[in-house]
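Presented below is the structure to which this report refers.
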Amino acid sequence: GPRLPLMAREVNILKDYLNENAGRLIVLIDPAINNNLGDLFYHWGILAEDMVVLDTGSDSLMTGGDLLIRRFDPDHPITESIAKNSESVVVGLSRPVRADIGSPLDDRLSVTPIVGGSESGWGERFYHDQKSIGYDEGVDMKGPVSIAVVSERSISSDLGIDIPGGRLVVFGTSEIITNSRLTILGNFTLFLNTINWSLD
């Protein structure tokens, strides 16, 4: 949850780590804060726009404003057990994170949304203006909205085989692992699985 933009030098170090060293990186970012990671995300096929995920559904909104997340990719190693056991995850303010259809084509890159909100949720673009909060067709992002994406790149060798390359996981909130939320089984499992998958 960086509170200031990363410096260009720091971003370049992360890029080199992912690309040249087949690095593993877990990024947790929040809405309303410029993190300066847009270019890194772009080259890994990920878009994290500055919006806020909102939901008015009675089974998705908890007392206090937290979102109750129940949509998980049942086939990805990070979320498979959570989906199978019908666990939930509780998050605070989140920004949408999704596959970037405008990023460079790369058949070595695989981008997968793994955690998302409900059908009644949306990505609010003008969340700063409290008077216009509510889904606006053609302006806001229609739900279900993804809040976590994984991206991995394979490296082709001279022998014609693919070798595992870098892995990047981006969450649209850092509040998923705050002290009060990490005690929730779904949150704990999700983050532990993310670490395990990232490190093989």
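The values are calculated or read from the model by the stated rules, or taken from the named source; none is laboratory data. Every value quoted in this text rests on a predicted model; they were computed, and no experiment measured them. Positions of Cβ are generated from backbone atoms using ideal geometry, with glycine treated the same way; all protein chains shown enter the neighbour counts. The area values use the complete protein model at the heavy-atom level, side chains included, leaving out ligands, DNA and RNA. Shrake-Rupley method; radii C 1.70, N 1.55, O 1.52, S 1.80 Å.
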Of Leu190, Leu14, Leu168, which is the most mobile in a GNM of the chain whose springs link Cα atoms less than 10 angstrom apart? Leu14
Between rounded, prolate and oblate, where does region 18-86 land on the alpha carbon gyration tensor, with a ≥ b ≥ c its root eigenvalues, rounded for a/c under 1.5, else prolate if a/b exceeds b/c? oblate
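Can you send over the carbon and sulfur percentage of the accessible area for region 11-56, probe radius 1.4 Å, protein chains only? Walk me through the intermediate numbers first.
On the way: 960 of 1950 Å².
Here it works out to 49 percent.
Pop out the carbon and sulfur fraction of the accessible area of region 98-157 as a percent, whole number, probe 1.4 Å. Numbers along the way, then the final one.
Values: 1810 of 3340 Å².
C and S fraction of accessible area: 54 percent.
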What does the helix-only formula give at 222 nm for the chain: each DSSP H stretch with n ≥ 4 adding -39500 (n - 2.57), the total divided by the residues, and the result rounded to the nearest 500 deg cm²/dmol? -6000 deg cm²/dmol
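Taking a probe of 1.4 Å, how large is the accessible area per residue of the chain, in Å²? Walk me through the numbers on the way to the answer.
Working: 10530 Å² over 200 residues.
The answer is 53 Å² per residue.
Select from region 69-171 those GluC sites (Glu not before Pro) which occupy a DSSP coil region and have at most 14 other Cβ atoms within 10 Å, ordered by residue number.
Values: sites: Glu80, Glu87, Glu119, Glu124, Glu137, Glu152; in loops: Glu87, Glu119, Glu137.
For GluC sites (Glu not before Pro) across region 69-171 that sit outside H, G, I, E and B with at most 14 neighbouring Cβ atoms in 10 Å, the list reads Glu119, Glu137.
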Gaussian network model of the chain, Cα within-10 Å springs - most flexible of Ser118, Ser58, Ser174: Ser58
Which three extents, in whole angstrom, do the alpha-carbon atoms of region 1-48 cover along their principal axes, largest first? 31, 21, 16
So which lysines pass the test for Lys131, namely a Cα distance under 20 Å, with those fewer than 8 places away in the same chain ruled out? Lys142
Viscosity 1.306 mPa s, temperature 10 °C: what is the translational diffusion coefficient of region 8-138 from Stokes-Einstein with a Kirkwood Rh over Cα pairs, rounded to a whole number of µm²/s? 96
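Treat every Asp and Glu Cβ in the chain as -1 and every Lys and Arg Cβ as +1, leave all other atoms uncharged, and give the resulting dipole magnitude about the Cα centre to the nearest 20 debye.
Working: 16 positive and 28 negative charges, 78 e Å.
Around 380 debye, computed over the chain.
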Of Ala148, Met62, Tyr127, which is farthest on the positive side of the dipole of the chain, counting Cα position, with +1 on Lys and Arg Cβ, -1 on Asp and Glu Cβ, and the Cα centre as origin? Met62
Measuring from the longest principal axis of the C-alpha atoms of the chain, the long axis of helix 185-198 (C-alpha) lies at a number of degrees, nearest 10, equal to 20
Tail weight of P(r) past 23 Å, computed on alpha-carbon pairs of region 69-200, percent: 40
Derived scalar couplings ³J(HN,Hα) [region 44-54; Karplus, 6.51 cos²θ - 1.76 cosθ + 1.60; whole Hz; x for Gly, Pro]: 10, x, 10, 10, 10, 6, 7, 10, 10, 7, 10
